[in-house]
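See below for the structure under consideration.
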């Protein structure tokens with residue numbers, strides 16, 4: 001079971017990191033646009049559309065990665081005071097009630113949007129360059145599929161935690177400073193209690 005969970009985690013991480021390069025493209029294109037607009041007085045017609053699509057792609061495709069790293073926003077003020085089994089039960093209920101229907105809606109309706117967009121070879125109506133957007137609409141059902149897959153992995157983690165009282169190990173990438181400090185505090189507390 002752990003190998004399957006880690007495979008899903010690594011798939012989400014790989015896709016999230018691959019689309020993380022969108023921020024580099026977005027940064028360079030924005031810097032270029034600012035330079036040519038304000039220094040050369042020759043603005044581009046494509047920079048705005050490119051920034052919208054790069055940010056949209058980054059946002060859509062990073063959702064599963066953030067879920068795999070337990071990095072989504074939650075009300076930790078009360079949540080961290082609840083025992084692990086209670087945390088797992090709350091998470092499991094939220095995955096079933098909110099994440100799964102949302103991901104399924106992205107898949108179902110996103111597929112219809114993408115299929116129509118490919119059929120008509122849709123272009124941006126607000127763009128003077130009329131750039132194609134059907135490639136980017138394809139990311140809607142793909143991101144829904146990845147989020148659902150990662151959500152299933154997280155639900156399995158919740159069930160295992162409810163049974164054992166411990167969260168299964170996950171593949172770690174980067175962590176917030178607060179998380180690292182809390183882990184160090186728990187380790188120090190554990191060492192002091194054994195003395």
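Read-outs throughout are calculated quantities, based only on the coordinates presented, and are distinct from any laboratory measurement. This structure is a prediction, so every number in the text was calculated from the model and none was measured. A quick note on method: Cβ atoms are made from the backbone with ideal geometry, for glycine too, and the neighbour counts reach across all protein chains shown.
Rounded to the nearest 10 degrees, the inclination of helix 84-94 to the longest alpha-carbon principal axis of the chain is 30 degrees. With distances taken between every two different alpha-carbon atoms, the range 1-81 has a Kirkwood hydrodynamic radius of 15.0 Å.
Taking the C-alpha atoms only, the angle from helix 22-38 to the longest principal axis of the chain is near 40 degrees.
In the chain, Cα pairs under 8 Å separated by at least six residues give a relative contact order of 27 percent.
In this label model, residue 135 and residue 10 are separated by 2.9 nm, measuring between points 7 Å along each Cα→Cβ vector. Share of pairwise Cα-Cα distances greater than 22 Å in the range 20-137 is 55 percent (whole percent).
Reported to two decimal places, what Rg/Rh ratio describes the range 68-165 when computed on Cα atoms with Rh from the Kirkwood expression?
Details: Rg = 18.3 Å, Rh = 15.6 Å.
That ratio is 1.18, to two decimals.
By the beta-carbon count within 10 Å of each Cβ, the least crowded to most crowded order of 74, 157, fewest first, is 74, 157.
Multiplying the residue separation of residue 35 and residue 81 by 0.36 nm and subtracting their alpha-carbon distance yields 11.5 nm.
Measure nothing fancy, just the Cα-based angle from helix 100-120's long axis to the longest principal axis of the chain, in degrees from 0 to 90, nearest 10. Approximately 20 degrees, to the nearest ten. As a calculated quantity, the FRET efficiency between residue 108 and residue 180 at R0 = 35 Å, using C-beta atoms, amounts to about 0.35.
Would you mind putting 159-168, 94-103 in packing order, based on average other-beta-carbon counts within 10 Å, highest first? Mind showing how you got there, number by number?
Working: 159-168: 14.2, 94-103: 16.0.
Listed from highest to lowest mean packing, they are 94-103, 159-168.
From least to most packed, judged by other beta carbons within 10 angstrom and beginning with the fewest, 1, 182 follow the order 1, 182. When 140, 152, 180 are sorted by how many other C-beta atoms sit within 10 angstrom of their C-beta, beginning with the fewest, the order is 180, 152, 140.
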